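Asker: Below is the structure I would like to discuss, written out as structure tokens.
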Amino acid sequence: MISYLKNIFTGFWSLLVGMAITLRYAVKKPVTLIYPKERLTIKRFKGPIAFTTDQKTGDHLCIACNACIKVCPSRCMSLEAQKSAVDGKRVLTDFKVNYMLCSLCSLCIDVCPTDALKHDDPNYDMVSLTQKDLVMDLLEPFRAKGTPLTKIPTIPAPKPAAAITPEPKGPASA
Ligand code: SF4
Ligand code: SF4
């Protein structure tokens, strides 16, 4: 009989404790946010690789030296450059980063001689339904603005020599 009453008391007590905890959290400030309406400002967050902007010209600072391409351990960067028709210097014509492969190690930023690269603003919304969307074209914002470096005329690369096809052999003479 005593153990029966003890069990009832224990059950009732645990019910009271549970309700007290629930009530305490009901009046406390919530620790979660109603995302995406509310967002955290996250410090020490590495955003995806992006170009920095020259404050004077509004242009990127890449000189197409390939240093970042060589140092990248994930092999996720690629660039193309052509010769300027004005002064013969290399002109960047394409620069892509495959965000699916990037490990955000920052080596490309450290090695760049012109400080052309940075981690973009914290962007934890970066999701996609297709892999294609995660291959980022770093030149695109500058092309859209029509900055000076994107307007430099370039010398088109020479076309590869046409393959020489052997003459068809005629019928063997007797
Ligand atoms: S952060 Fe690292 S992995 Fe990502 S592109 Fe730069 S060098 Fe490559
Ligand atoms: S290291 Fe800097 S300047 Fe050189 S190709 Fe990379 S981004 Fe451009």
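Computed from the coordinates by the stated procedures, all read-outs in this text should not be read as laboratory data. If you're wondering where the values come from, they're calculated on a predicted model, not measured in any experiment. FYI the Cβ positions are ideal-geometry reconstructions off the backbone, even for glycines, and counts take in every protein chain you see.
Asker: May I ask which residue of I34, F51, L16 lies farthest towards the positive end of the charge dipole of the chain, with charges of +1 (Lys, Arg) and -1 (Asp, Glu) on Cβ and the Cα centre as origin?
Answerer: Among I34, F51, L16, the one farthest towards the positive end of the dipole of the chain is L16.
Asker: Another question, then. Tell me, in nm to one decimal, what length is gained between L107 and A85 on full extension, where the rule is 0.36 nm per residue of separation less the Cα-Cα distance?
Answerer: In short, 4.7 nm is gained.
Asker: Next up: Suppose every Lys and Arg Cβ carries +1 and every Asp and Glu Cβ carries -1, with no other charges. What dipole size does segment 49-155 come out with about its Cα centre, to the nearest 20 debye?
Answerer: It comes to approximately 380 debye.
Asker: Please list, in order along segment 90-95, the HN-Hα scalar couplings obtained from phi with the Karplus expression 6.51 cos²θ - 1.76 cosθ + 1.60 (θ = phi - 60°), rounded to whole Hz, x for Gly and Pro.
Answerer: Once θ is set to phi - 60°, the couplings for segment 90-95 become 6, 10, 5, 10, 7, 8 Hz.
Asker: May I ask for the net charge around D121, where only other residues with Cβ less than 15 Å from the Cβ of D121 are counted and Lys, Arg are +1 while Asp, Glu are -1?
Answerer: +3
Asker: Same structure, new question: Which net charge results when you count Lys and Arg as +1 and Asp and Glu as -1 among the other residues whose beta-carbon is under 13 Å from that of L139?
Answerer: Here the count lands on -1.
Asker: Can you give me the angle between helix 2-27 and the longest principal axis of the chain, using Cα atoms only, in degrees from 0 to 90, rounded to the nearest 10?
Answerer: 50
Asker: About the Cα centre, and with charges only on the beta carbon of Lys, Arg (+1) and Asp, Glu (-1), how big is the dipole of segment 2-52? Nearest 20 debye, please.
Answerer: It comes to approximately 300 debye.
Asker: Continuing with this model, one more query. Evaluate the distance, in nm, between pseudo-label points positioned 7 Å from the Cα of N7 and of T41 along their respective Cα→Cβ axes.
Answerer: The answer from the label model is 5.7 nm.
Asker: Across segment 56-67, in residue order, what do the Karplus-derived ³J(HN,Hα) couplings come to in whole Hz, using 6.51 cos²θ - 1.76 cosθ + 1.60 with θ = phi - 60° and x for Gly and Pro?
Answerer: 7, 9, x, 9, 7, 10, 6, 10, 6, 7, 6, 4
Asker: Multiply the residue separation of N98 and I34 by 0.36 nm, subtract the distance between their alpha-carbon atoms, and state the gained length in nm to one decimal.
Answerer: In short, 20.0 nm is gained.
Asker: Counting alpha carbon pairs within less than 8 Å and at least 6 residues apart, what relative contact order, in whole percent, applies to the chain?
Answerer: 24
Asker: Quick check on the chain: helices-only [θ] at 222 nm, where DSSP H runs of length 4 and up contribute -39,500 (n - 2.57) each and the sum goes over total residues. Nearest 500, please.
Answerer: It comes out at -7000 deg cm²/dmol, rounded to the nearest 500.
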